[in-house]
Amino acid sequence: MDKFLVTGGQELKGSVTISGSKNAALPIMAATILSEGKNIIKGVPRLRDVDTMAQILTELGVRVTRLPNGDIETEVKNESESLARYELVKTMRASICVLGPLMAKRKTARVSLPGGCVIGVRPVDLHEKGLQLLGANLVSEHGYIIGKTKKLIGTEIYLGGAFGSTVTGTDNVLMAATLAEGRTVVDNAACEPEVQDLAVFLTKMGAKISGIGTPRLIIDGVKSLKGTTHTIIPDRIEAGTFIIAGAITGSRITVKNCRLEHLSALVDKLRDIGLTLNKNSETECTVLPGKKFNPVDISTLPYPGFPTDLQAQMMALLSLADGISVITEKIYPDRFMHVAELNRLGAQIRKEGPYAIIKGVPKLSGAPVMASDLRASAAMVVAGLAAEGTTEIHRVYHIDRGYEKIEEKLKKLGAKIKRVSDKETATGDE
């Protein structure tokens, strides 16, 4: 098992290019189950989760090929399979996105309930509700969702839940509705850029979708979808992580392949903290160092609110603010596994229910820490970049699920970060 050794206190400089969005690529890959002919998907990051989705699709009869230029090509070769195994699905939540396409195209599915990061309860009841309203007969047995239908018929669906709209639930219903008979209207649909990207991809395949980017999607079912070519949007969470890394180290770095319009809530809070982001172009920005960090209050909310996937990284930054900040987690109220680990680095954070109260400290100091989930891993790296001494981050396989060669990108910016085996003894960093 690998770990990172991060020696803090290094000023970063230069530029970093952001990879394609993991959270857009995975449902788009799943959507290729719906199509006839070949699909070319450009900008798909090389990640463990992408490899897992490719394996799931392969077992579902889809040929998935990573081309020499990095693009992914898919083509359905066998429609007789409908099983998404627990052994694969347990590793990531996005694998549930094959349920909708299977029900729409093959009229049958046996999909394991998903796994992923341990960040609190994440039910799939809204997925089931939406698909059942379309005419799917779903039952849960032995840890699997088993679905059958003669045909899906368009209807009106409201996708509101206890914590707002559902991203992957919207994905599943949207994909299923493209081949349903008649019109489907989805209210309280998730508006995230990744959902929009999926809708654009489906439209290129021949789907009829209006209201893209709004909470009300209207889908007129079609008889078939064809293969197409599509480029994945930049990963806004990776971009936000590198922007925060530049901020916490007081560095001037340029972030390329980044769309700030997808990060408006982050940009707003960084300005309140006292940092400056220069928008160089539609796909490039530069982080300018600030003299001190002002405390701020943040609530995570569905898009365009502050993303829950940047909450941990922002907490690391606010640990060094001049005052008391409060983060309210309204998406996953239990998503605070990183609090104890940040406190090991010298932060002063107190958790009270869905609130984290952060009293800024003058400095952080390196220590051994444990990565509990994907974004908590990123927070440990961000904090380690600013901490005095060396931070030893264990279980970095989490970060490999969502960041493409993060240590290589940071090294090019001047960070001292090294990936080693847990069995190795650290004698220095590079």
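The values are calculated or read from the model by the stated rules, or taken from the named source; none is laboratory data. Remember, predicted model here, so these are calculated numbers, not experimental data. In this analysis, Cβ positions are derived from the backbone assuming ideal geometry, glycine residues included, and neighbour counts consider all displayed protein chains. Each accessible area value is taken on the protein alone, full model and side chains, heavy atoms only, with ligands, DNA and RNA left out. Shrake-Rupley method; radii C 1.70, N 1.55, O 1.52, S 1.80 Å.
Could you do me a favour and compute the accessible area per residue for the chain, 1.4 Å probe, result in Å²?
Here the residues of the chain average 39 Å² of exposed surface.
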Which of the three applies to segment 107-213, rounded, prolate or oblate, going by the alpha-carbon gyration tensor with a ≥ b ≥ c and a/c under 1.5 meaning rounded?
oblate
To the nearest 20 Debye, how big is the dipole of the chain about its Cα centre, given +1 on the beta carbon of each Lys and Arg and -1 on that of each Asp and Glu?
360
On each of the three principal axes of the Cα atoms of the chain, give max minus min coordinate, whole Å, ordered largest first.
63, 45, 40
Which of the listed residues, Thr65, Thr184, Ser140, is farthest toward the dipole's positive end in the chain, when Lys, Arg count +1 and Asp, Glu count -1 at the beta-carbon?
Thr65
Any GluC sites (Glu not before Pro) in segment 242-348 that lie in a DSSP loop and have at most 13 other Cβ atoms within 10 Å would be Glu282
A 27 angstrom limit on the alpha carbon distance is what I want to check against. Which of Lys42/Lys129; Lys77/Lys107; Lys22/Lys292; Lys151/Lys204; Lys3/Lys291; Lys129/Lys150 exceed it?
Lys42/Lys129; Lys22/Lys292; Lys3/Lys291
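At a 1.4 Å probe radius, carbon and sulfur cover how many percent of the accessible area of the chain?
On the way: 8200 of 16720 Å².
Result for the chain: 49 percent of the exposed heavy-atom area is carbon or sulfur.
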Give me the dipole magnitude in Debye, nearest 20, for segment 317-401 about the Cα centre, with unit charges on the beta carbon: positive for Lys and Arg, negative for Asp and Glu.
120
Which Cα, out of Leu263, Ile219, Phe242, lies furthest along the positive dipole direction of segment 203-265 (beta carbon charges, K/R +1, D/E -1)?
Ile219
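Mean residue ellipticity at 222 nm from the helices of the chain, using -39,500 (n - 2.57) per DSSP H segment of n ≥ 4 over the full residue count, to the nearest 500 deg cm²/dmol?
Rounded to the nearest 500, the figure is -8500 deg cm²/dmol.
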Segment 148-248: trypsin sites (Lys or Arg not before Pro) in DSSP coil with no more than 16 other Cβ atoms inside 10 Å
Lys150, Lys151, Lys223
